[in-house]
Amino acid sequence: METARRQWIYAWLMLSPAMALLILFTHYPAVQTIVNSFYSTPRGRRKAVWIGLDNYQTLILDDVFWKVLMNNFWYAVWTIPLSILLSLAMALWVNDKIRGRGFLRMAYFTPTVLPLIAVANIWLFFYTPGFGLIDQIRGLFGLAEQNWMGSPDTALYSMIAVAIWKEAGFFMIFYLAALQTIPPSLREAADIEGASRWYYFRRVLFPLLMPTTLFVSINAVINSFRLVDHIFVMTEGGPNNASSLLLFYIYEVAFDYWDTAYAATLTVVMIAILILLAIGQFFLFDRKVHYK
Amino acid sequence: MTTGKSIMLRGLRKAWGETVSLKGIDLTIPEGKFTTILGPSGCGKSTTLRIIAGLEEVSAGTVEIGGEDVTSRPASGRDIAMVFQSYALFPHLSVAENIIFGLRVRRMGRAERDAKLTAAADMLGLSYLLDRKPSQLSGGQQQRVALGRAIVAEKSIFLMDEPLSNLDAKLRAEMREEIRDLQKRLGVTMVYVTHDQVEAVTMADQIVLMNQGEIEQIGSPRQIYSRPETLFTAKFIGTPPMGTCSARALGIARDDITVGIRPEALVLDQNGPIRARVGHVEYLGADAMVECRVGDETLPCRISGRTELTLGATIRLSVARDDLHAFDSASGQRLDTLPPEFAALSAAQTTAPLGSHASSTER
Ligand SMILES: Nc1ncnc2c1ncn2[C@@H]1O[C@H](COP(=O)(O)OP(=O)(O)OP(=O)(O)O)[C@@H](O)[C@H]1O
Ligand SMILES: [Mg+2]
């Protein structure tokens, strides 16, 4: 009895430093954010006052909000499936017994090691009108110069390409790790039965990779809202918010316009979206995932 | 139903860079028979089997199945089914789906597929487990599922790589019989890899004994037991294995010969020509194993459990002529005929003392 209680006390004492930090820097700000979204922004000597749902009303009428939300939607729609598919393809490839696969694995993983800011700088060089790598190659075929980041039609897609390039290598590592746990005898058993490569992938490999796919896709969803560093370096959301995303807009509202209450409101909306997506994914996948 | 096909390996070699794992295998596996490939770990059994299956490419040589050269044919075109040591069941598929995996690949009609599944499941006693996942089965049940997959494939040749090594002793004995029965019933050609000589001896029509990438001997269990062609075979087959000692220890003046005598062939005999001292005695109930010291070497001897021997006592032993095996010490090869000096050893009535040149008291 005594020792049991003492162990409890120990346990709590051990946990308390981490817990204090977590509460102080994660839970408290989160709650505070929700609270702030119901108040006005304090300015000068004017204190924050309770304004109920006014901030949310503003949000519904805010064209820029809807614009960045749509941008973020397309950003997610392209980056999530493409980065997952690409990472799976790369993992399958470098998992095979090919010559120089060590080098290939490293090459694919490099974008992940680089900070997104550095990646952005590399891509700036690719995109630069006239001098950039892409335009130089286009020039070989006699195609005209193109301002990839400066044109509203292509700015968002330029950002999407960078994000996919950055993320695929990261996800590949998870797929590669999962592939290595699948015994080669399964492939051999399927070979003996005459299963084609594609049949084996569809009926065996892909189902066995489902837990990884779930994990990776949740990460991809979160990243599609979170990965905005390159936008700061490359387009700053422009032109005319064509490449702005929700998180980037939140940053602008909070630290360029200092409208902290409205920024809090936007944050609440973003977190709500993320939670809904994560829950949806779990329910969608759970029935289909085979856990070992 | 299916009928077996013969397999012929000619001049088979396999090397991975520097490591040579098969150094030229010539082997005929008769159709419809149970052949075990036996040998110590690392001798190339699995490699041989995987080459027959088409899972491994040959470095040189040819593989023929049913008279056709299949050396460059993929695994699926060789009319073989295989049971892996690890069973290789698909963990996300039910037992039923695992068994009919190959039938689905071949797009067999549903009715036919179900009929085959039911027949195989009945044969193996798996009917009540069809909806389970492999992880919910015991080792023996998983083994049966792997067998089921091989059965419904209706191939002419079954290849098995140590299929029982993950099972406990009792289950192993059961499955041994079951697999043997199955092979007889289906009439397929079975190639069964094992490093357990008991398995090989009890199941096989033909044993292929391998050592370091080469074949030591091919023969029926009886042949291999009663007439080992090499010293390696002699020491590998039999529990406990054959005892060996130099000819000189038995009082024969030949340095180039090693003598082999099975423990059960060495009998206590008051007038026996072999004089020995009793070393360690291991009592096993029905019988006992005695370490007999001859010269400074030892020969194991199996005696009745009722006989009591005291440590260090001097005993006399004899051995029937047919139970004497002589091998060339350098090459390990069996000597086809016993040299004349050996006559003394098997002449049971002799009273010649050990150590002298016993030829004086020939019959
Ligand atoms: N993929 C490989 N690469 C290099 N060497 C290999 C490979 N597979 C097998 N070998 C070597 O070939 C030799 C024979 O291996 P094999 O697996 O056929 O032995 P085995 O008789 O089946 O042994 P065990 O009873 O332990 O299964 C071994 O020395 C092994 O190290
Ligand atoms: Mg092996």
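Relative to the compact-globule estimate of 2.2 N^0.38 Å, the Cα radius of gyration of segment B:7-232 comes out at 1.02.
Scanning chain B for GluC sites (Glu not before Pro) that sit in a DSSP loop and have at most 11 other Cβ atoms within 10 Å, the longest stretch containing none of them is B:58-307.
P(r) tail for segment B:238-346, what percent of Cα pairs lie past 18 Å? Of all Cα-Cα pairs in segment B:238-346, 45 percent lie more than 18 Å apart. Helix B:169-186 and the longest principal axis of the Cα set of chain B meet at an angle near 60°.
Per the Debye formula on identical point scatterers at the alpha carbon atoms of the protein assembly as shown, with no solvent, log10 I(q)/I(0) at q = 0.09, 0.11 Å⁻¹ is -0.94, -1.12. For segment B:116-124, 3J(HN,Hα) computed residue by residue from phi via the Karplus equation (6.51, -1.76, 1.60; θ = phi - 60°) reads 5, 4, 4, 4, 5, 5, 5, 4, 9 Hz, glycine and proline entered as x. Full extension of the chain segment joining A:PHE141 with A:HIS27 gains 35.5 nm, where the gain is 0.36 nm per residue of separation less the Cα-Cα distance.
Listed by Cβ neighbour count within 10 Å, with the fewest neighbours leading, B:ILE25, B:ILE224 appear as B:ILE25, B:ILE224. Over the protein assembly as shown, dividing the summed -39,500 (n - 2.57) contributions of all DSSP H runs of at least 4 residues by the number of residues returns a 222 nm mean residue ellipticity of -13500 deg cm²/dmol.
Note on segment B:130-272: Cα-Cα pairs beyond 19 Å make up 63% of the total pair count.
When the scattering of chain A is computed by the Debye formula from its Cα atoms alone, each counted once and equally, what is log10 I(q)/I(0) at q = 0.12, 0.15 Å⁻¹? The calculated log intensity ratios at q = 0.12, 0.15 Å⁻¹ are -0.98, -1.22. Overall, the protein assembly as shown carries a charge dipole of about 880 debye about its Cα centre when +1 sits on the Cβ of Lys and Arg and -1 on the Cβ of Asp and Glu, all other atoms neutral. Shown is the FRET efficiency for B:ALA115 and A:ALA177, computed with R0 = 35 Å from the Cβ-Cβ distance and rounded to the nearest 0.05: 0.25. About the centre of its Cα atoms, chain A shows a dipole size close to 880 debye [charges on the beta carbon of Lys, Arg (+1) and Asp, Glu (-1) only; nearest 20 debye]. Legend: ranking of residues B:SER329, B:SER156 from fewest to most surrounding C-beta atoms inside 10 Å; resulting order B:SER329, B:SER156. Treating r as the C-beta distance of B:LEU309 and B:ALA173 and R0 as 35 Å, the FRET efficiency rounds to 0.60.
Which entries in B:LYS33/B:LYS184; B:LYS23/B:LYS45; B:LYS45/B:LYS133; B:LYS23/B:LYS235; B:LYS33/B:LYS170 show an alpha-carbon gap greater than 19 Å? Over 19 Å Cα-Cα: B:LYS45/B:LYS133; B:LYS23/B:LYS235; B:LYS33/B:LYS170.
Can you give the FRET efficiency for A:GLN281 and B:ASP122, using 1/(1 + (r/R0)^6), R0 = 51 Å, r = Cβ-Cβ distance, to the nearest 0.05? It comes to 0.75. Compared with the alpha-carbon gap, the fully stretched path from B:TRP16 to B:LYS184 is longer by 56.8 nm at 0.36 nm per residue. Applying both filters, DSSP loop and at most 14 other Cβ atoms within 10 Å, to the trypsin sites (Lys or Arg not before Pro) of segment A:22-89 gives A:ARG45, A:LYS47. The lysines within cross-link reach of A:LYS166, meaning a Cα-to-Cα straight distance under 29 Å and a gap of 8 or more places when in the same chain, are A:LYS67, A:LYS97, A:LYS288.
Rule-based calculations on the coordinates, nothing more; no lab input. Since we're looking at a predicted model, the values are computed, not measured. When we count neighbours, we look across all protein chains shown, and the Cβ atoms used for this are built from the backbone with ideal geometry, even at glycine.
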